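The values are calculated or read from the model by the stated rules, or taken from the named source; none is laboratory data. Every value quoted in this text rests on a predicted model; they were computed, and no experiment measured them. No Cβ is skipped: glycine too gets one built from the backbone with ideal geometry, and neighbour counts run over all protein chains shown.
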Amino acid sequence: MLTNDQFIQICNFTQRYLEETAARSEQEWLKSFPRAAEHRWQHTLNVLHNAETILAGEGAPEDVKEIVRVAVILHDISMFVCDHEIHGRVSAEIAEKYLLEEGYPKEFVAKVARAVAEHGTDLGPLSPEEQGKLFSWEGKVVLEADILDKLGASTITDTLLSLGKKDQLGFECRRELANGRAMQRAAFFKDYIWTETGRRLAAQRFGFFLKFLDQLEQEVIDNSMPS
Ligand SMILES: [Fe+2]
Ligand SMILES: [Fe+2]
């Protein structure tokens, strides 16, 4: 059984790894994103919270909870050391090496690594139903919990924060929220959710996103002169 101290140790390892790799990364996008490591850690904690809600809602057994919680903490650890397309696999490799060195059982480590790798799968070629058949249950929960952080108030906040840096006005924010990357991602990913609890949360969060946009449209004028 994983103790609380062990879990915190894994959290500390991951947080430190993100900080150190972001600080020495050569990736261009990081130059305009000095708090990227803190941002990634905040996202990781959000995903953990989502995963814990799903695990509780689905009545997952203790051993499964441990695999999912550890996989969630490590799922984006490679964010600053590789291209995004392969970050699931690279995170899984880092997770596997670290957990084996720390003496965790092979079977546990293999399940964590599988779930971490699965979250980085290129979604799209397969339907949610077909894709779901290929994933472990733990991998599905990690991915759902990750996607839930792209659907609701948190994604609106992140989008507005990044638009604020570009000195955008209210109507430009509304346009970006309605048609930009955040909406495209949310609309695409919201169906890659398999558990009952995850689906309920996804519907609530995406519903909030749409409601927020609707409200913004009622309040923010998109013309430069009264018509
Ligand atoms: Fe990821
Ligand atoms: Fe993530």
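Miscellaneous remarks
- Residues satisfying the criterion are absent from the stretch 104-112 (criterion: surrounded by fewer than 18 Cβ atoms within 10 Å (Cβ to Cβ) and under 20 Å from the mean Cα position of the chain (by Cα)).
- Taken over the stretch 7-39, the criterion of being β-branched (Val, Ile, Thr) and touching a residue at least 60 places away in the same chain (Cβ under 8 Å) is satisfied by 10, 14, 21.
- Qualifying residue in the stretch 122-129 (condition: in contact with a Ser or Thr (Cβ under 7 Å, 6 or more places away or on another chain), within 15 Å of ligand 1 (Cβ to nearest atom) and not assigned by TED's automatic domain parsing to the domain that holds residue 186): no
- Sole exception among (1) assigned to a helix (DSSP H, G or I); (2) at pLDDT 95 or above for residue 103, by number: (1)
- Filtering the stretch 36-81 to residues that are away from ligand 2 (no atom under 14 Å from the Cβ) and farther than 17 Å from residue 115 by Cα leaves 38, 53, 56, 57, 58, 59, 81.
- Residue check, residue 177 modelled with pLDDT under 95, part of a helix (DSSP H, G or I), more than 16 Å from the chain's Cα centre (by Cα) and among the aliphatic types (A, V, I, L, M): no
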